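Working notes for the structure below.
The values are calculated or read from the model by the stated rules, or taken from the named source; none is laboratory data. As the structure is a computational prediction, the values presented were derived from the model and not from experiment. Every residue, glycine among them, receives a Cβ derived from its backbone with ideal geometry; neighbour counts consider all protein chains shown.
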Amino acid sequence: MKKDQFILAIETSCDETAVAIVKNGKEVLANIVASQIDSHKRFGGVVPEIASRHHVEEITITLEEAFREAQLDWDAIDAIAVTEGPGLVGALLIGVNAAKALAFAKNKPLVGVHHIAGHIYANRLENEFAFPLLALIVSGGHTELVRMKEHGHYEVIGETRDDAAGEAFDKVARMLDLPYPGGPHIDRLAAEGKDEIPFPRAWLEQGSFDFSFSGLKSAVINTLHNAKQRGEKINAANIAASFQASVVEVLSKKTYEAALHYDVKQVIIAGGVAANKGLRTALNREFAQTDIPLAVPSLKLCTDNAAMIAAAGSVAFEQGRRSGWDLNANPSLLIK
Ligand code: KG4
Ligand code: ZN
């Protein structure tokens, strides 16, 4: 019988200090997330310098908590996985250096993990993968369609040419004076409003699976600006509903078309925006007409966490991937 595998993972790419311990790539024994949202809220976005300082303060406490929750000690750990990029360089560095120091001190193999691979593998903590699969990753920093032929193999078939989907949600929320992060607030407001403003949909060239949200963002700014100039009261719920309808329609249609085009066996969604109720409903509707199963992770696995890094790290470790002592934070790391 194969020995159980235990991966300790660290994720500090943005504003969450996260440590997790995962058994055999799928079973979450501990998933500790120390969120900094309250510290960044008053600035309306993540302040990189503040994020790094918080990571320094939180990392040791979060590690101890993970071991306590998993009821394990260092002897049990087979390898340390860490997010090496992309993300905020100062934030990533805290996690990477912590992982390197621990790997050296405890004599454990080190595995650098791509943040997006982590978001994709969050799904495997709940549903086994069926290859080839298509993943839609929609977060504060990313909007990507990734095809996977097998474990650990990633091919980006479409990506945003300007803003990420989550970034668009956060910017529109800010225009509507909603707190940061704005995505969940837009989601909630959208459910109360009517999709009555015909905001643009950026389909781009025929056959392209790329995205663009900057035109939509400008259209929302113009609508608000014009209303203000005319002295009209704006209906924030209707703006939220119309904006969300545009984002959701483009994301769900392109995902549907890409899934058929590449003849995949499974579609999965990942990243903070995958928590969006409108998007979940639209994708469920699209894929209900097909025999392609759609895997939707539970809300707490959509946003940044370290269990997802452990899940991706587990596969990389099995495949023999190792990082050296020269592992560095790479803010613009490409997925491969
Ligand atoms: O994956 P994530 O936690 O961090 C990044 O790697 O970026 O994603 C955060 C993003 C934020 O832009 C946030 O507004 C968005 O996910 N988000 C949502 C929802 N929940 C979080 N966007 C739309 N609807 C939601 N329900
Ligand atoms: Zn993320």
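Do we find that Glu144 is more than 8 Å from ligand 1 (Cβ to nearest atom), under 23 Å from Ala202 (Cα atoms) and either in the same structural domain as Phe209 (by TED's automatic domain parsing) or touching an Asp or Glu at 6+ places or on another chain (Cβ under 9 Å) (or both) in this structure? So Glu144 fits the description; yes. Examine region 183-202 for a residue that is buried (at least 17 other Cβ atoms within 10 Å of the Cβ), within 16 Å of ligand 2 (Cβ to nearest atom) and either outside any loop (DSSP other than H, G, I, E, B) or in contact (Cβ under 8 Å) with a residue 40 or more places away in the chain (or both), and state whether such a residue exists. Checking region 183-202: at least one residue is buried (at least 17 other Cβ atoms within 10 Å of the Cβ), within 16 Å of ligand 2 (Cβ to nearest atom) and either outside any loop (DSSP other than H, G, I, E, B) or in contact (Cβ under 8 Å) with a residue 40 or more places away in the chain (or both). Of the residues making up region 123-140, those that are within 16 Å of ligand 2 (Cβ to nearest atom) and among the polar types (S, T, N, Q) are Asn123, Ser139.
Before we move on, is Asn330 surrounded by fewer than 18 Cβ atoms within 10 Å (Cβ to Cβ), on the phi < 0 side of the Ramachandran plot and within 16 Å of ligand 2 (Cβ to nearest atom)?
Numbers: surrounded by fewer than 18 Cβ atoms within 10 Å (Cβ to Cβ): yes; on the phi < 0 side of the Ramachandran plot: yes; within 16 Å of ligand 2 (Cβ to nearest atom): yes.
Taking the combined requirement at face value, the residue satisfies it.
Filtering region 314-327 down to residues that are within 19 Å of Asn127 (Cβ to Cβ) and in contact with a Lys or Arg (Cβ under 9 Å, 6 or more places away or on another chain), which residue is surrounded by the most Cβ atoms within 10 Å (Cβ to Cβ)? Applying the filter and picking the extreme gives Ser314. Residues in region 97-141 that are assigned to a helix (DSSP H, G or I), away from ligand 1 (no atom under 16 Å from the Cβ) and aromatic (Phe, Trp, Tyr): Phe104 only.
Among the conditions (1) without any contact (Cβ under 8 Å) to a residue 60 or more places away in the chain; (2) part of a helix (DSSP H, G or I); (3) of a type outside the set (S, T, N, Q), the only one that Ile292 does not satisfy is (2).
For Glu150, which of the numbered conditions (1) surrounded by 16 or more Cβ atoms within 10 Å (Cβ to Cβ); (2) over 20 Å from Val96 (Cβ atoms); (3) out of contact with any helix residue (DSSP H, G or I) (no Cβ under 7 Å at 6 or more places or on another chain) fails to hold? So the condition that Glu150 fails would be (1). Exactly one residue out of Glu84, Glu155 is free of Cβ contacts under 8 Å to residues at least 60 places away in the same chain and out of contact with any Ser or Thr (no Cβ under 6 Å at 6 or more places or on another chain): that is Glu155. In the set Ala168, Ala103, Ala81, Ala98, only one residue is more than 14 Å from Val273 (Cβ to Cβ), among the small types (Gly, Ala, Ser) and either crowded, with 24+ Cβ neighbours inside 10 Å or touching a Cys at 6+ places or on another chain (Cβ under 7 Å) (or both); that residue is Ala81. Can you name the residue in region 1-44 that is assigned to a strand (DSSP E or B) and within 12 Å of ligand 1 (Cβ to nearest atom) and is also surrounded by the most Cβ atoms within 10 Å (Cβ to Cβ) among such residues? Ranking the candidates gives Ala18 first. On the stretch given as region 115-125, residues that are out of contact with any strand residue (DSSP E or B) (no Cβ under 7 Å at 6 or more places or on another chain) and surrounded by fewer than 24 Cβ atoms within 10 Å (Cβ to Cβ) total 1.
Residue-by-condition table, conditions (1) out of contact with any Lys or Arg (no Cβ under 6 Å at 6 or more places or on another chain); (2) under 30 Å from Ser35 (Cα atoms); (3) more than 16 Å from ligand 2 (Cβ to nearest atom):
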site	(1), (2), (3)
Ser218	yes, no, yes
Arg230	yes, no, yes
Ser246	no, yes, yes
Val250	no, no, yes
Ala282	yes, yes, yes
Asp291	yes, no, yes
Pro297	yes, yes, no
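From the list Asp163, Asp177, Asp195, Asp263, the lone residue that is under 28 Å from Thr290 (Cβ atoms) and within 16 Å of ligand 1 (Cβ to nearest atom) is Asp195.
Picking from residues in region 45-78 that are assigned to a loop (DSSP other than H, G, I, E, B) and modelled with pLDDT of 85 or more, the one that is surrounded by the fewest Cβ atoms within 10 Å (Cβ to Cβ) is Asp73.
Do we find that Leu301 is within 16 Å of the chain's Cα centre (by Cα), within 16 Å of ligand 1 (Cβ to nearest atom), at pLDDT 95 or above and not β-branched (Val, Ile, Thr) in this structure? No, not satisfied.
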